[in-house]
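Structure first, commentary second.
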Ligand code: Q9C
Ligand code: ZN
């Protein structure tokens, strides 16, 4: 399997987040992507390619134009006031407030985010643009006839809505990839999101559409981030009714219960009979993950990859979360090796 990777992810570094009420170095750090790249290389899983530039048009098929403009100009606006440290949002709208984009950057940061998980530094936008190019180059490979590809995206994407960043995610790489498949004439796309956290952005983007099935296995929203979406009764709306499936699981879930949910999700994908599968691949389900509460172990990822392979569909893996840096490479490589058989 070919992997697509860009060293431009390094521009998104030195940023911070709020954890336990304190500002701390971000868990979503450059070492993550480097450990994965090293494991792909070390295990001989296939060639590693640079992404091709696709511009912002495919991003604008999923994301709102004012939001993409905000992402591109945020750092310049933030530093125009003389600030030389990371930009972190901390003001949000309550229901009933006005959703009007403020003129000043501090207001814009709140307007276009839903948490303090999305910090911006000098190189963030370049890394974000490179990350979505990685995903779109993966689409090129699979649409061009490769049976599968791995888009080693960083930063991740599945929490990003059409006009809102959050949870370390700015551009929804998997959603942009799914839309790009559709725009290349692929009739039916399934997104299988196995990241520990619910892919709220992906669900929201396709919620009223029948041409993209979205299946999510994740920490239960009564206990886990993103808290306000990801319940089982969210099944789609309008034309999309029946084309969203959530499998929330309680803290402490191990591989037996997790893989039963994967089996149900895979049968749902099989019933949909998609032309292509996009896997939002997070390995924060791992037992040692520093911010997560499932109990999967490294060998389990071989079985996950093997089950996804049994869908027997052209498959694009898009990297999402996973914060146990020492194990992230092994866990991702196991998934890909399990898939390859
Ligand atoms: N401060 C992804 O896995 N914060 N995003 C959790 C730690 C949000 C995770 C608490 C976690 C977002 C792509
Ligand atoms: Zn996650």
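Each value in this text was obtained by applying a stated rule to the coordinates, not by laboratory testing. Note that the structure is predicted; figures quoted are calculated from it, not measured. Note that each Cβ is placed from the backbone with ideal geometry, even for glycine, and that neighbours are counted across all protein chains shown.
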I need 132, 278, 40 ordered by Cβ neighbour count within 10 Å, fewest first. 40, 132, 278
Protection proxy ranking, peptides 196-209, 150-163, average beta carbon neighbours within 10 Å, highest first: 150-163, 196-209
Taking every pair of alpha-carbon atoms in the stretch 55-158, what share in percent sits in each 10 Å bin, from 0 to the bin with the longest distance? 13, 40, 30, 13, 4
Given labels modelled 7 Å from the Cα in the Cβ direction, how far is it in nm from residue 309 to residue 73? 5.0 nm
Gain on full stretching of the segment that runs from residue 52 to residue 98 - 0.36 nm per residue minus C-alpha separation: 12.6 nm
Tell me, how many Å apart are the Cα centres for the stretch 187-220 and for the stretch 233-269? 9 Å
MRE, 222 nm, helices only [DSSP H, n ≥ 4, -39500 (n - 2.57), over the chain, to nearest 500]: -11000 deg cm²/dmol
Give me the angle, in degrees from 0 to 90, between the Cα long axis of helix 255-272 and the longest principal axis of the Cα atoms of the chain, rounded to the nearest 10. 90 degrees
Counting other beta carbons within 10 Å of each residue's own, what order do 119, 169 fall into, fewest first? 119, 169
I want to make sure I understand the PRE zone here: with the label point 7 angstrom from the Cα of residue 241 toward its beta carbon, which residues in the stretch 200-222 have backbone N atoms less than 14 Å away? 208-210
Within 10 Å of each residue's Cβ, count the other Cβ atoms and sort 1, 35, 97 from fewest upward. 97, 1, 35
Measure nothing but the geometry: give the 0 to 90° angle between the long axis through the Cα atoms of 173-183 and the longest principal axis through the Cα atoms of the chain, rounded to 10°. 70 degrees
Cα centroid of the stretch 89-111 to Cα centroid of the stretch 1-53, whole Å: 30 Å
The stretch 229-304: Rg/Rh from Cα coordinates, Kirkwood Rh? 0.99
May I ask you to compute the full-extension gain from residue 267 to residue 251, defined as 0.36 nm times their residue separation minus their alpha-carbon distance, rounded to one decimal in nm? 3.4 nm
Using the per-residue mean of other Cβ atoms lying within 10 Å as a proxy for protection, in what order, highest first, do the peptides 292-301, 59-68 fall? 292-301, 59-68
Computed FRET efficiency, Cβ-Cβ of residue 231 and residue 20, R0 41 Å: what is it to the nearest 0.05? 0.95
DSSP beta bridges in the chain: the antiparallel percent, rounded to 5, is 20 percent
Could you give me D for the chain, from Stokes-Einstein at 4 °C and 1.567 mPa s, where the hydrodynamic radius is the Kirkwood radius over C-alpha pairs? Units µm² s⁻¹, please. 66 µm²/s
Sort the following peptides by mean Cβ neighbour count (other Cβ atoms within 10 Å, averaged over residues), highest first: 46-57, 324-335. 324-335, 46-57
Taking the Cα atoms only, what angle lies between the long axis of helix 325-340 and the longest principal axis of the chain, rounded to 10 degrees? 40 degrees
Using only alpha carbon pairs under 8 Å that are at least six residues apart, calculate the relative contact order of the stretch 153-224 and give it in whole percent. 29 percent
Computed over the stretch 7-113: relative contact order in percent, which uses C-alpha pairs under 8 Å that are six or more apart: 19 percent
Modelled label reach - residue 66, point 7 Å along Cα→Cβ, the stretch 148-167 residues with backbone N closer than 20 Å: 160-166
If all Cα-Cα distances of the stretch 166-256 are sorted into 10 Å bins from 0 onward, what percent lands in each bin, rounded to whole numbers? 18, 48, 28, 6, 0
